[in-house]
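See below for the structure under consideration.
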Amino acid sequence: MSQLNFDQDERFDFDDNFPSLAALAKYEPTIVERVRKSWEDERHFVREHLAPLVLSEDLQHAQNPDHISWEMLRLAGRHGRLVQYIPGFMGGKGNSLGISMMVNLEEQASVDCAFCGMMGGHGLGLAAVFMSLNLGVLRRVADRIAEHQNDEKPYVIDCAITEPTAGTDVEEVELYPKARLMCQAKHASGGAVLNGRKVFISTGHMATDHIVIMPFDQKNAENTMGCFLVSNGTPGFSLGRMERKMGQRAGSASELIFDNCLVPEENILLAQEQFPEEKFKQQFKLVLHGVLGITRTAVGAWSTGTARGAFDRALYLAKRIKYKGRTLIHQQWAQAFLTNMHINVMMARGAYLNSQFVLMRGFERIPLVIGFPSWMNDSAILYWLFRQNWYRKFLGSRWMHGQIMDYVRSSISEDQDARVQQMSSLAKVVGSDMAMENCQLATEFLGQAGLRHDQGVEKIFRDAKLLQIFEGTNQLNRLNIFTHYLARHIPGVEVF
Amino acid sequence: MGTADQACLAAFRETAQRFAQKELKTRALDFDRYPYAEFNAGVVRAAREVGLSQVLLPEERGGTCQGMEVFSEILFFLAEADASVAAILLINALGQGAILKWGKPSLQEKYLSADLLAFPVYDSPSDLPKGMEAEKKGNGYVLKGKVEYLALAPVAEAAVIPAVLKGTEKIAFFLVDLNNPGISRSAPVLSLGLRGVPAADLETAGLEVPADNLLCPDAGSEYPGLAARFRPAAAALAVGVAAGSYEAAKAYTRERYQAGKIIIDHEMVRLLLSNVAVIAESGRTIFGAMARAVDEGREELLGETGLILSTELASRAVSDGVQALGGYGYIEDYGQEKRMRDAKQIESFFGPAPVKRLELLEGIIRREK
Ligand SMILES: Cc1cc2nc3c(=O)[nH]c(=O)nc-3n(C[C@H](O)[C@H](O)[C@H](O)COP(=O)(O)OP(=O)(O)OC[C@H]3O[C@@H](n4cnc5c(N)ncnc54)[C@H](O)[C@@H]3O)c2cc1C
């Protein structure tokens with residue numbers, strides 16, 4: 001069985017590749033040191049533990065389209081990758097969604113873009129739980145992840161937004177009024193009843209709980225949104241088909257079917273109607289923007305890793321393949337190709353790091369999003385508190401939820417929100433375009449070595465294409481950048 | 001073999017279209033499951049029965065003695081529905097072309113009627129390191145070594161393979177019978193695209209072949225001529241894939257609603273479609289002109305440039321063909337992701353894309369000296 005091999009490369013020095021962080025180290029040594037250590041740990045993990053699985057897992061999917069990569073998910077669980085972003089006092093590793101998350105994502109993707117896809121469904125779900133600001137559900141989910149991370153089938157969640165007839169339209173709040181939605185929730189005694197179908201839901205067939213977003217009134221979706229947690233086995237909920245994808249096969253893309261599915265009160269993360277005050281009118285937009293700001297930056301990092309993965313494989317092979325009697329690495333045209341690929345990586349990295357800094361500024365008062373300071377993260381008192389039932393009840397109360405929402409709402413200015421929107425879209429577009437471009441270049445310049453599965457390049461090519469499509473197509477993201485950056489300063493301009 | 005007359009061209013076109021519609025369109029995804037599903041020998045046989053595969057052969061060898069224009073036109077229509085089947089015909093025809101050009105009558109007699117012939121379509125024989133060596137022994141040769149990624153090797157009866165003649169720098173083409181137990185084929189290699197075109201590595205520790213099986217003692221200088229003849233066919237393949245992607249994208253975007261209108265009415269979607277349209281529409285004229293030049297024996301730079309232009313543009317455009325369908329482009333149902341993989345694979349026919357560019361310039365400079 002073929003396996004990904006790596007050269008020892010001194011080339012990948014932290015200071016060479018993250019000059020902005022290296023510069024920051026002078027002013028914020030603790031943060032940067034934490035990032036560097038976590039990055040080194042990630043690098044070790046992906047090269048030593050993940051790499052051996054990459055090609056064999058992908059082959060199994062080619063053989064059997066119904067295969068599910070439990071082995072890969074177990075690997076992630078065993079190595080603490082499922083609790084990485086959960087604060088320490090909630091039982092996680094406390095890397096939070098800070099710089100580390102992005103830098104580590106790049107590292108993972110450089111070895112296996114599809115592994116990130118598998119983790120991405122879970123991550124998107126977590127981002128939705130974080131941004132719903134429902135601490136009651138958050139701590140329940142966090143508990144289950146930590147409790148089951150070493151199971152045969154580790155506990156993960158997903159996030160279901162897309163519907164068969166509405167993809168782009170549910171990626172942008174402005175588009176909701178025009179969307180042809182087919183999912184709708186209805187109030188019922190003891191909770192809410194969900195109906196409809198969701199498609200393309202990453203990790204759907206692996207998840208135990210599903211974070212589902214749908215409105216109570218299709219005609220007034222943007223003001224009646226609800227966010228729900230649906231567990232496997234709930235009557236009225238079933239998994240539909242698993243899509244046969246071009247790549248990204250480690251994670252499933254699943255159809256979720258709701259047929260009068262009753263969600264109990266405590267599993268409603270957010271129902272906009274519960275907060276009818278005028279000040280909460282924009283709450284759903286805020287949640288969606290927050291989620292997208294984080295996840296699009298993350299896709300930027302993941303894409304950068306993918307661009308690097310293609311470059312790394314190309315470089316590895318260029319040192320070994322002879323063409324017209326001379327090893328590729330000595331030929332000027334090959335050097336030009338490799339250099340272009342390297343430039344693409346550096347540009348993409350610059351974009352996602354910039355976006356991460358914008359997130360840290362935009363959400364500076366929301367540690368849940370940008371990371372808790374270590375005194376909080378590692379606090380034994382908080383850890384103890386989070387295990388007390390009375391405290392959990394208090395956190396999960398409607399009153400508390402309202403307080404937190406109010407705090408968060410008032411702490412994000414419109415300007416900051418716009419910056420987050422435009423920079424995260426930019427990171428996503430630049431990253432995914434560079435990822436695809438590097439895959440095109442790698443297959444072009446390697447000839448047949450780029451085409452055969454056992455050399456590891458063709459898989460990246462197939463994996464990369466998704467990056468331009470999901471989290472809003474790159475077309476939608478371009479419109480988003482226009483809206484939040486250019487249009488903001490052009491009164492009266494019509495967008496969408 | 002001269003220029004095709006219009007009636008003849010139209011007849012082949014119609015047969016190809018009908019065959020594509022009936023045999024390929026609905027089954028292309030099944031063929032693509034190879035090597036985890038059976039190789040689709042039946043459809044290759046059917047193509048032969050309706051007269052689509054032996055068109056380049058002379059009548060006395062069971063062919064219809066047509067030129068590149070007819071062949072390219074056929075491949076275009078087949079590739080629009082399934083590039084793998086079209087590529088099989090092309091690779092097999094390259095093998096036949098080699099045997100016709102260099103083979104003794106006895107070899108022609110025996111192998112031109114073979115079901116399939118394998119041919120190293122991804123690289124010119126002198127480019128890659130010489131994995132196979134041929135040593136003179138008695139009246140024949142002994143072959144030793146490895147040939148990598150040989151197209152059609154898992155399913156062909158015989159293969160045209162390059163081997164360096166021991167004691168010289170020269171690379172020769174040999175014809176080897178793949179039923180010979182002295183040669184082993186690896187398990188089929190999974191490819192990016194054209195998955196219906198089986199490929200494998202060949203290896204032998206010592207295969208004796210008769211002297212007649214030495215097809216061409218100097219493939220390094222003879223091969224470019226053979227490849228040049230087939231450039232229009234490879235271009236037709238790429239353009240066919242782009243045309244398939246274009247039609248599928250138009251059909252889908254006319255039905256799909258987002259933001260309250262059919263998405264073909266969004267200008268960004270039209271920009272995507274325009275990228276595919278450019279090559280799908282102009283490509284037919286380009287490969288047609290390339291093919292006529294071959295049939296009329298004119299050596300034109302259009303051969304090299306047309307191949308670069310059509311394969312490179314097609315392979316980039318079909319990515320936009322996926323993009324126009326959003327998430328539905330990324331899953332197999334509409335065939336768009338397959339087309340994206342197929343086009344990329346075709347781009348490497350006759351060598352990596354940048355190498356073809358370098359060779360173009362080398363040729364130009366040589367001629368202008
Ligand atoms: C493998 C995979 C995993 C996914 N994972 C998840 C997940 O975990 N959770 C989830 O909720 N979703 C997920 N998705 C869905 C993904 O977010 C959508 O596919 C994406 O948003 C695009 O929507 P769509 O597929 O409906 O395409 P469409 O919206 O139908 O778009 C088709 C084309 O039209 C263009 N277009 C659409 N509207 C406009 C407009 N207004 N202006 C200009 N152009 C427009 C698009 O750019 C695109 O080119 C996943 C998708 C895939 C393929």
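The values are calculated or read from the model by the stated rules, or taken from the named source; none is laboratory data. Computed from a predicted model, the values in this text were never measured in an experiment. Cβ atoms come from the backbone with ideal geometry, glycine included; neighbour counts cover every protein chain shown.
Points worth noting:
- The set of residues in segment B:59-80 that are among the aliphatic types (A, V, I, L, M) and either within 19 Å of B:TYR122 (Cα to Cα) or surrounded by fewer than 24 Cβ atoms within 10 Å (Cβ to Cβ) (or both) comprises B:LEU75, B:ALA79.
- Count - residues of segment A:443-456 that are in contact (Cβ under 8 Å) with a residue 40 or more places away in the chain and closer than 17 Å to A:ASP433 by Cα: 1
- Counting only helices (runs of 4 or more DSSP H) that sit completely within segment A:23-108, those holding 3 or more residues that are more than 18 Å from A:ASP143 (Cα to Cα) and at pLDDT below 90 correspond to A:29-45.
- Among the residues of segment B:9-44, the ones that are part of a helix (DSSP H, G or I) and of a type outside the set (A, V, I, L, M) come to 13 in all.
- Applying the condition of being at pLDDT 95 or above and over 24 Å from B:PRO352 (Cβ atoms) to segment B:115-136 and asking which residue is farthest from the other protein chains (Cβ to nearest Cβ) yields B:LYS136.
- From the list B:PRO162, B:PRO210, B:PRO224, B:PRO188, the lone residue that is of a type outside the set (S, T, N, Q), more than 27 Å from A:GLY325 (Cα to Cα) and within 14 Å of chain A (Cβ to nearest Cβ) is B:PRO188.
Residue-wise test of (1) at pLDDT below 95; (2) facing chain A (nearest Cβ under 8 Å); (3) surrounded by fewer than 20 Cβ atoms within 10 Å (Cβ to Cβ).
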position: B:GLY306; (1), (2), (3): no, no, no
position: B:SER310; (1), (2), (3): no, no, no
position: B:VAL318; (1), (2), (3): no, no, no
position: B:TYR328; (1), (2), (3): no, no, no
position: B:ARG339; (1), (2), (3): no, no, no
position: B:ALA343; (1), (2), (3): no, no, no
position: B:SER348; (1), (2), (3): no, yes, no
position: B:ILE364; (1), (2), (3): no, no, yes
position: B:LYS369; (1), (2), (3): yes, no, yes
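- Verdict on B:ASP212 being surrounded by fewer than 22 Cβ atoms within 10 Å (Cβ to Cβ) and more than 30 Å from B:THR26 (Cβ to Cβ): yes
- Selected residue (criterion: nearest to the other protein chains (Cβ to nearest Cβ)) from residues of segment A:424-464 that are farther than 19 Å from B:ALA343 by Cβ and not hydrophobic (A, V, I, L, M, F, W, C): A:ASP454
- Evaluated against (1) assigned by TED's automatic domain parsing to the domain that holds B:ALA172; (2) within 25 Å of A:MET182 (Cβ to Cβ), B:ILE264 falls short on exactly one condition, (1).
- Within segment B:150-185, the set of residues being among the basic types (Lys, Arg) and assigned to a strand (DSSP E or B) comprises B:ARG185 only.
Per-residue answers, yes or no, for (1) without any contact (Cβ under 8 Å) to a residue 40 or more places away in the chain; (2) touching a strand residue (DSSP E or B) at 6+ places or on another chain (Cβ under 8 Å); (3) under 30 Å from A:SER2 (Cβ atoms):
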site: B:THR204; (1), (2), (3): no, yes, yes
site: B:ARG231; (1), (2), (3): no, no, no
site: B:VAL239; (1), (2), (3): no, no, no
site: B:ALA243; (1), (2), (3): no, no, no
site: B:ALA251; (1), (2), (3): yes, no, no
site: B:TYR257; (1), (2), (3): yes, no, no
site: B:ARG270; (1), (2), (3): yes, no, no
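- Scanning segment B:239-263 for residues that are at negative phi, touching a Ser or Thr at 6+ places or on another chain (Cβ under 9 Å) and either within 9 Å of the ligand (Cβ to nearest atom) or more than 14 Å from chain A (Cβ to nearest Cβ) (or both) returns B:VAL239, B:VAL241, B:ALA242, B:ARG256, B:TYR257, B:GLN258, B:ILE263.
- Residues that are of a type outside the set (Gly, Ala, Ser) and more than 14 Å from the ligand (Cβ to nearest atom) within segment A:467-496 comprise A:HIS484, A:TYR485, A:LEU486, A:ARG488, A:HIS489, A:ILE490, A:PRO491, A:VAL493, listed in sequence order.
- Boolean, B:GLU169 is surrounded by fewer than 23 Cβ atoms within 10 Å (Cβ to Cβ) and modelled with pLDDT of 95 or more: no
- Flag if A:ARG144 is free of Cβ contacts under 8 Å to residues at least 40 places away in the same chain and away from the ligand (no atom under 16 Å from the Cβ): no
- The set of residues from segment A:1-47 being under 21 Å from the mean Cα position of the chain (by Cα) and of a type in the set (Asp, Glu) comprises A:GLU40, A:ASP41, A:GLU42.
- Residue ID - surrounded by the most Cβ atoms within 10 Å (Cβ to Cβ), chosen from residues in segment A:224-282 that are among the hydroxyl-bearing types (Ser, Thr, Tyr) and within 16 Å of the ligand (Cβ to nearest atom): A:SER252
For every residue, the table says whether it meets (1) surrounded by fewer than 16 Cβ atoms within 10 Å (Cβ to Cβ); (2) touching a strand residue (DSSP E or B) at 6+ places or on another chain (Cβ under 9 Å); (3) among the aliphatic types (A, V, I, L, M).
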residue	(1), (2), (3)
A:GLU28	yes, no, no
A:VAL32	no, no, yes
A:TRP39	no, no, no
A:MET72	no, no, yes
A:PRO87	no, no, no
A:CYS113	no, no, no
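- A:VAL212 meets the conditions (1) within 14 Å of another protein chain (Cβ to nearest Cβ); (2) among the aliphatic types (A, V, I, L, M); (3) closer than 30 Å to A:ALA418 by Cβ in every case but one. The failed one is (1).
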